[in-house]
1. Using the Cα centre of segment 660-753 as the reference point, and only Cβ charges (+1 on K/R, -1 on D/E), how large is the resulting charge dipole? Debye, rounded to the nearest 20.
2. Once the Cβ-Cβ distance between E417 and S79 is put in as r, and R0 is 56 Å, what FRET efficiency do you end up with, to the nearest 0.05?
3. What distance in nm lies between label points placed 7 Å from Cα along the C-beta direction at L283 and L795?
4. Around M341, under 15 Å between beta carbons, what's the net of Lys plus Arg minus Asp minus Glu among the other residues?
5. Using 0.36 nm per residue, how much length does the chain from I779 to D66 gain when fully extended, once their Cα-Cα distance is taken away?
6. Using the heavy atoms of the protein chains and a 1.4 angstrom probe, tell me the accessible area per residue for segment 378-485 in square angstrom.
7. If packing is taken as the average number of other Cβ atoms within 10 Å across a peptide's residues, how do 248-261, 761-774, 705-718, 312-325 rank, most packed first?
8. Output wanted: per-residue J couplings in Hz (rounded whole) for segment 415-423, from phi through Karplus 6.51 cos²θ - 1.76 cosθ + 1.60, θ = phi - 60°, x for Gly and Pro.
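The values are calculated or read from the model by the stated rules, or taken from the named source; none is laboratory data. These numbers were taken from a predicted model, which means no experiment stands behind them. Note that each Cβ is placed from the backbone with ideal geometry, even for glycine, and that neighbours are counted across all protein chains shown. For the accessible areas, the whole protein counts, side chains as well, though only heavy atoms, and no ligand, DNA or RNA atoms are used. Shrake-Rupley method; radii C 1.70, N 1.55, O 1.52, S 1.80 Å.
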Amino acid sequence: MYYTWKLSRFCILIFMINFFIPLFIQEHPPNVFFDNSRTHDSIYYSHNNKDHSLDILIMFYHRIPDLGSYEPLIIKKFSSFPIIHIKFNNPTMKQQFIKSYRQRIYRIEPNQVLRSSFHTISIKNSITDSISTGFQDSTGASYLHDLGIKGQSIKIGIIDTGVKNESETLVKGHKSFVSIDNGYSEDIPNPDDNWGHGTQVATIAAGTTTGIAPEAEIYSAKVIEPNIGGAGGDKNEETTAGMLEAIEYLVNNSVDVINISLGQYHNLPNGLRDEVINYVSILHKIVFSVSVGNSGSSYGDRGTLNNPSTALQCIATTASDIAGTLIGSFASRGPKVDYSMKPDIAAPGIGMPGQGTSFAAPIVTGASALLIDFLKSENRNYSASTIKAALLAGTRTLGRPVWEEGAGFINITRSLEILNSTEKIDNTPDLVYLHPQKLPFDPYRVLFNGSSIMFNLTVISSRKINTSIIISETLSDFVSTSNSFYIINNTTLVPINFTIPTSTKSQYVSGFINVSNALSTVEFEIRETDVQVLFDESFNRIAKHGYGTTAYEIEGDTSSTICMYSAFTQFLAYEYNYCVIPHVKGEIPLTELLKYDVLILANPFSNSTDKFMDWIVNPSHKYVSPSDNTIEAISQFVAMGGGVLILTADNDAYFNITGINKFLGLFDLQITNEFSGTICLSDIVNPRDFTTDISSFPFRGNYIQADGSHTQIIAECNGKPTLASYDDPSGGRVLLFGSDLIFDNIGFSSYPYPGDHTENQILIFNSVTWLAEAKREYIESSMNIPEFPYPLIFLVLIISLVIVCYLFINKTKV
């Protein structure tokens, strides 16, 4: 017994040596998913995201329900769309109402005073014969006039500053909606035009001698009066309630077309305008022609569309010269932030009685009236999208990018021919048009292995159809749709997914998408990449961006890879094969982040609505903020070697400085309350690897600070920090730029910033490369592990087995 116990202990000892000692010989690989040294509780607290306004507009699904005891609080119950204007006595009553009708409510908006602008650069006193003959001829309207198609008895609604009674238009009705009940500071019952803008718009659309549709009837809905604004807002602006009242008035007068030549500096829906336009267009068969805005420039900006030209069902109109050879540099650009395309069409807005997209929209309004006149004379059925599809299908290109010209320059003659020649089903022209006519568009004409991106294809159908989406065989490995069949109702978005498998080799790909025999060409290049960049578009809403010496020289742009940062994305992809993928899904889990080398956060924690765009009586900023889980994932990403590039823009009026500093505090970085409103040169004061050969770069934005043993101030402007880095002990890196000036489209343009544009691009490339290298170095160090000593273990096991057998045999002999 004694020898047996002794032998057992000996064997146990041998096996412990065999298995545990080799484990101490090698280095431990780090935990792939967690680093317990970086756990944080309550990393970020969100601002109160609730609007405290008691004067609100509520849109319901389908119809307005019975509101019982709340009926006395209703200021207006609209009949043309399921919206009420209601004012609650206190916040508790408001919350009780929302709780009671939560399942029926589609959207809630405060009765805002919206900062709008007329889409006009200048206004002349009258339309000369030469001007009118010019745009009537170039657009093809003259041809229809010769056929006797002049818009007879077609009703056109003008939402604007009113229309003068003595104007050369057939004014059949007019009304002012500038009232205290609608949120204005005064009651202005006089419907006359005291500005001139609305009169010029009406005259272009339907002037009896100079208009596109000279026999059409005008119904004027006045929503703007000089020097009058909403209570608490700027003057010369309209309110949401005023706009909705105007649309309802025109619907009740059975208009066929509505012209809106005003809007906000947004590439986002706001104030229920988009929803109402879409609802009314489909249900009441009304064509909406909306000017895209004058927020453009010649410096490469994109995504500057003004709301409500963003409405899916409307015809968003940009401005060209009369001959249709160029697009006005002032005209707002697309695309939309949902990766769909606007504008829709181009029409004369240069060399007109006024200059601006304000005067391009009524060209399309008049053209719509002519086409409706033709269809009615032929006793044919139509929808608003019948007119829209015919107008877009009849265009000719100006040779400009689709986000500038849309489908192209208007040709009413060709549109008429299309309507007349297209097969009729149920007495309706069976017409389908796809917009854009080619996918994908820049900056994603080059795609990379392992990447995926989604575009929304706009399908415009004259009839409601249930159709399959046919993708050519050459695209089958890379392009798909979410569903086999889609119901297309007027204008509908169809998601088109581009997914490139990781193993895909470099190649050119081409094919087509077929929707009910309408085609959109697909052409792109696939390249292999070594650097994967995730560009977050979920936690920013900067929809107005500035260039030059002040923040207001250009309005528009949206913080996304297809809008404000499209030139940056294209530069990295086309020139250096860096794959930049947008993240539009909201939260970012760690498992998703680990697929990438670099994460870019542009303008995080920004306002969802901006005080420079939405003038609200009782403003409450709404911030778009990542959750604690996402912030923790970003922190873990850095701890595991990831690189993060953080760009901020403008001052703290645009974002939640408390929230962003709580996040930046994880990396010992902060944004100060000091802001440089003018451009200065930021000098490199502490060079790093990525600033080699860089002396300075232009800056306008937030000064920053860095406090910690792992941080470093890299650049300063007027002695104040503008660029700083954080080096995580594990190898991860963070770069904080107090300004995104050199990263956005204007920064990539020929705009005369101080400094060297070439150096700016070198700094951009080097910064992203330096951050990506951190991940590579981390992976390499993690893989630098001594080989596990399997032969030695095997030898020790054999020797141990021999010893055990020897002892056992000798014991047996005893």
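1. 160
2. Efficiency computed from Cβ-Cβ geometry: 0.90.
3. Placing both labels 7 Å beyond Cα along the Cβ direction yields 8.6 nm.
4. Result for the neighbourhood of M341: +3.
5. Gain on stretching I779 to D66: 250.4 nm.
6. Accessible area per residue: 38 Å².
7. With the highest mean Cβ count within 10 Å placed first, the list reads 312-325, 248-261, 761-774, 705-718.
8. For segment 415-423, the Karplus-derived couplings read 4, 5, 4, 5, 4, 6, 9, 6, 4 Hz, x marking Gly and Pro.
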